[in-house]
Every structure is written in structure tokens, then in C-alpha cells.
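Comments concern the structure below.
The values are calculated or read from the model by the stated rules, or taken from the named source; none is laboratory data. Remember, predicted model here, so these are calculated numbers, not experimental data. Cβ atoms come from the backbone with ideal geometry, glycine included; neighbour counts cover every protein chain shown.
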Amino acid sequence: MLPKYIAASINNPKGLEALTIQLMALPFVYFLLVYAIGYCYWIVSIGFKGLSSFTEMRTLIACSMLPFVLQFIINVPFVAVGLIKNDVSIITHYNYLTSLILWLLSFRITMVGIAKFNKFNWMITLITYLISTSILGGFAYLFLQIKR
């Protein structure tokens, strides 16, 4: 999504305005996402008689999203070089290996946090994770279907 706005800013004077709006809206979407995902994890863990609070689950989700901030930092040099060379293919470069490694790190943070805050064993932790992500994935799929 971001490279489309960068390409628009190169060719169109209003493109820079669109890029600025996108970068300003991104943190608000992040905070809404943290609250929604944290609430979903909290509700499912309460179903398994977990001992965590909503604040702990929200903090856990915020911490588990930090590796994706690192992914953004890794992509900054590609964006800078792409803007200097005026080449959109460099900007849109996607490194699958770092994405996989950072996702696994995020998964580990989430699993350890759910187990620690709720005093769960690993099987109940995995079931809690799968139920929560299935619910959130179902809502995302429904949103995409409605958007069509």
C-alpha cells in the first residue's frame, strides 16, 4: 500500500499529501488493533479460567507487535535507496526470510505471555491462541468479502 502512495507522490503534487495522511493514520489503526486483539485474547482466556487482566493482555499484544516495527526499520534503507534512484521496484522489495523470523519471534512472545499471565499449560495456551486468531481471521475474511 505504501509504495503506491510513494509512486503517486513522485508523479502527482497531491501524492505527498496522501502519503502524509497514510503515515498519520497508521498509529491510530495500530492502537485500535491492539485493543481489539487484546480484548479477544482476554475473553477467550477468561473462558478457560485464566487469571489475566485486560491490561496485561493488551500489553502482551503491544509487545508481540514490536518485531513488526523492526520489519519496518529493516525496510527503511530499501525505501531510501528506491526514492533516491526513483525506482519503485526497490521500494516494493519484500524479504520473506526476515518476515518469517520476525513472525516466529512475535508468536513466541504471544505464547509465553499467554501462558505466564493466565497460568496456563502449553496446550491450553495453544488452544487459546488458535481460537482467538480464528475469530479475528474470520472477521478479517468477512470484512474482505463485504468490501467486494
Can you find a residue in region 126-139 that is over 20 Å from the mean Cα position of the chain (by Cα) and closer than 25 Å to Ile43 by Cα?
yes
Do we have any residue at all in region 92-100 that's of a type in the set (S, T, N, Q), surrounded by 14 or more Cβ atoms within 10 Å (Cβ to Cβ), at pLDDT 90 or above and out of contact with any Lys or Arg (no Cβ under 8 Å at 6 or more places or on another chain)?
no
Mind listing whichever residues of region 102-126 are of a type in the set (A, V, I, L, M) and loosely packed, with under 14 Cβ neighbours inside 10 Å?
Leu104, Met123
Answer yes if at least one residue in region 74-89 is surrounded by fewer than 13 Cβ atoms within 10 Å (Cβ to Cβ), of a type in the set (Ser, Thr, Tyr) and either modelled with pLDDT under 85 or farther than 15 Å from Leu33 by Cα (or both), and no otherwise.
yes
